[in-house]
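Enquirer: Handing you this structure, nothing more for now.
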Amino acid sequence: MHWVTVRYFLGYSLEDWVAILTIIGFIIAGFRWLGKRSKTAIDNIEQNILGPIYDELSKLNRNMEVSNRQYAKANERLEQGDKKFIRHDEQLKDHERRITNLERGNYK
């Protein structure tokens, strides 16, 4: 009878190495599949959920910029109105003083 000797490499037989490489292959294939599925899921979430949110935030940002410009213009008009009011108030006080002086007979 002729006996077949089993070869060993790093303490493992050929059958052990085949089993280890098969398991590693399945793990790599699983990670690849999971990577493709997760990329598809992330793209789907970004397109269907985050996309409309980004669009709405962009619109809100533009509206806030317009509102801020309008507020600045209104504030400027208010300041101009305050200056006119103060000037008219001073003119009114001057007229009242002049009328009072005329009534008293103090002509200047």
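The values are calculated or read from the model by the stated rules, or taken from the named source; none is laboratory data. From a predicted model like this one, the values you see are computed outputs, not experimental measurements. Using ideal geometry, Cβ is built from the backbone for each residue, glycine included, and neighbour counts are taken over all protein chains shown.
Enquirer: Has the stretch 64-79 got at least one residue that is surrounded by 10 or more Cβ atoms within 10 Å (Cβ to Cβ) and within 30 Å of F9 (Cα to Cα)?
Expert: Checked the stretch 64-79: no residue is surrounded by 10 or more Cβ atoms within 10 Å (Cβ to Cβ) and within 30 Å of F9 (Cα to Cα).
Enquirer: Among the residues of the stretch 66-108, count how many are of a type in the set (S, T, Y) and at pLDDT below 90. Let's see the steps before the verdict.
Expert: We begin by selecting, within the stretch 66-108, every residue of a type in the set (S, T, Y); these are 67, 71, 100, 107.
Applying the additional criterion that residues be at pLDDT below 90 yields 100, 107.
Residues that pass the stated criteria total 2.
Enquirer: Additional query: Kindly check whether there is at least one residue in the stretch 13-22 that is exposed (fewer than 10 other Cβ atoms within 10 Å of the Cβ) and either assigned to a helix (DSSP H, G or I) or of a type in the set (F, W, Y) (or both).
Expert: Step one: filter the stretch 13-22 for residues exposed (fewer than 10 other Cβ atoms within 10 Å of the Cβ), giving 15.
Next, only the ones that are either assigned to a helix (DSSP H, G or I) or of a type in the set (F, W, Y) (or both) stay: 15.
Yes, the conditions are met somewhere in the stretch 13-22.
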